[in-house]
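Novice: Structure incoming, see below.
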Number of protein chains: 2
Amino acid sequence: MTYSEKSLNQFANDLASKAPVPGGGGAAALVAALGVALGSMVCNLTFGKKKYAEHEPKLREIVAEATRLQQALMSMIDEDAQHFLPLSRAYGMPQSNEAEKAEKARVLEQALKEACSVPMRIVAVCREAIDLHADIVDRGSRLVLSDVGCGIQLLKAALICGELNVMVNLGLIQDDVFVVQVRETVHRQVEAGKMMADRVYSRVESLLVQ
Amino acid sequence: MTYSEKSLNQFANDLASKAPVPGGGGAAALVAALGVALGSMVCNLTFGKKKYAEHEPKLREIVAEATRLQQALMSMIDEDAQHFLPLSRAYGMPQSNEAEKAEKARVLEQALKEACSVPMRIVAVCREAIDLHADIVDRGSRLVLSDVGCGIQLLKAALICGELNVMVNLGLIQDDVFVVQVRETVHRQVEAGKMMADRVYSRVESLLVQ
């Protein structure tokens, strides 16, 4: 059973439990999926309305892309959890002599690098989804504008959670070249994503008081 | 079937669809529940560890409260959706003469006030849950500190979404006394909640680089 087949209650209870997964990474993927879904909802509630007819082709493109991102994020809940076992195994490896120590360090380093991959993808997808919301805010039905605002807040939070999960793993990795490269890539996406998210949210607020 | 019994996939697809509920309010309640659950997880992963034994009584209290809040938030997904039908009915009422217009305005005003209640509770519960995380950050296991950081980001996002949903309804309500009172209550909670969330997140970041 994948996480996406579990009930909301079951997932929240699993999250709250002392089981190590799902954790913050899985929660971030789910929250990002909900943020993307709110963008799709706004598009779907705009279709067929005369007032917004000119925007329909662009909004159709956005929904197609958002649907793809939503599915990818749902799968990431499971993919993130799958990285826990190799990490946990690596931590449990013996280190009673130099050879064992070296082997443990090698396996752990590899597992930590792999554990960065899902939160890195969460960051990249949130960045992309925030841009989709930027394209929705002035094209979607004004009646559901607040849902764009909610979507953007969820994506911004998931973006920051993704970043935090990358950073926690990076802090334990020895390969400095890898660390610097990943940190710079993620940092650039997060800063750009946060700035765009704030801009979209301000736009929602200014349109709502009109 | 309650929303909390639906699968993650089903809920995200319902959210993305053109059905008017669930929307941003329901998503905010779910995201807040996930934020609270991450706080519980950190407590549950701290219990039984010698190093943190002195904090266990306080963390047990926090988990009890967090569990109560998580359940309340899960129910709010349904409660928020239940406010949509009366609103939709009110908008559909006839207004072909003065008597009908007055009656429609009266029913709509009532429905809008009631639609404020769930997002107001989401704001209040997020405010409380953020304070719980403030109590966890220096007491929970350092190994899962990043989950406190994720929890606080989700709660901050849900807090802002709750506020936005209150404001959208307030903008349509005629009763100025009600509007001012609700706006001030929510504004105070949101400002305090955001400030505390930022403080907790900064604390997470500073502890992680130690």
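The values are calculated or read from the model by the stated rules, or taken from the named source; none is laboratory data. Computed from a predicted structure; not experimentally measured. Counting neighbours? That spans all protein chains shown, and the Cβs are built from the backbone with ideal geometry, glycine included. Protein only, heavy atoms only, side chains kept; ligands, DNA and RNA dropped before computing areas. Shrake-Rupley method; radii C 1.70, N 1.55, O 1.52, S 1.80 Å.
Novice: Residues in the range B:15-27 that are more than 7 Å from every other protein chain (Cβ to nearest Cβ) and crowded, with 18+ Cβ neighbours inside 10 Å: how many?
Specialist: So the count comes out to 4.
Novice: Do we have A:Lys6 as in contact with a strand residue (DSSP E or B) (Cβ under 7 Å, 6 or more places away or on another chain) and at the interface with another protein chain (Cβ under 7 Å from one of its Cβ atoms) here?
Specialist: For A:Lys6, the condition - in contact with a strand residue (DSSP E or B) (Cβ under 7 Å, 6 or more places away or on another chain) and at the interface with another protein chain (Cβ under 7 Å from one of its Cβ atoms) - is met.
Novice: If you check B:Ala72 against the conditions, is it within 13 Å of chain A (Cβ to nearest Cβ), in a helix (DSSP H, G or I) and open to solvent by less than 20 Å² (accessible area, probe 1.4 Å)?
Specialist: So B:Ala72 does not fit the description; no.
Novice: Tell me, which residue of the range B:1-14 that is farther than 25 Å from A:Thr46 by Cβ and part of a helix (DSSP H, G or I) is most open to solvent (accessible area, probe 1.4 Å)?
Specialist: B:Glu5
Novice: Within the bounds of the range A:46-59, is there any residue that is more than 7 Å from every other protein chain (Cβ to nearest Cβ), touching a Phe, Trp or Tyr at 6+ places or on another chain (Cβ under 6 Å) and touching a residue at least 60 places away in the same chain (Cβ under 8 Å)?
Specialist: yes
Novice: Something else: Determine whether A:Arg142 is at pLDDT 95 or above and more than 20 Å from the chain's Cα centre (by Cα).
Specialist: So A:Arg142 fits the description; yes.
Novice: With the structure loaded, tell me whether A:Asp175 is out of contact with any Asp or Glu (no Cβ under 8 Å at 6 or more places or on another chain) and either hydroxyl-bearing (Ser, Thr, Tyr) or open to solvent by 10 Å² or more (accessible area, probe 1.4 Å) (or both) or whether it fails that test.
Specialist: Criteria not met by A:Asp175.
Novice: Given the range B:98-210, what helices (runs of 4 or more DSSP H) lie entirely inside it while holding 2 or more residues that are at the interface with chain A (Cβ under 10 Å from one of its Cβ atoms)?
Specialist: B:145-170, B:176-208
Novice: Give the range B:83-97 a look and list any residue that's part of a helix (DSSP H, G or I) and surrounded by fewer than 12 Cβ atoms within 10 Å (Cβ to Cβ), or say none.
Specialist: B:Tyr91 - this is the single residue of the range B:83-97 that is part of a helix (DSSP H, G or I) and surrounded by fewer than 12 Cβ atoms within 10 Å (Cβ to Cβ).
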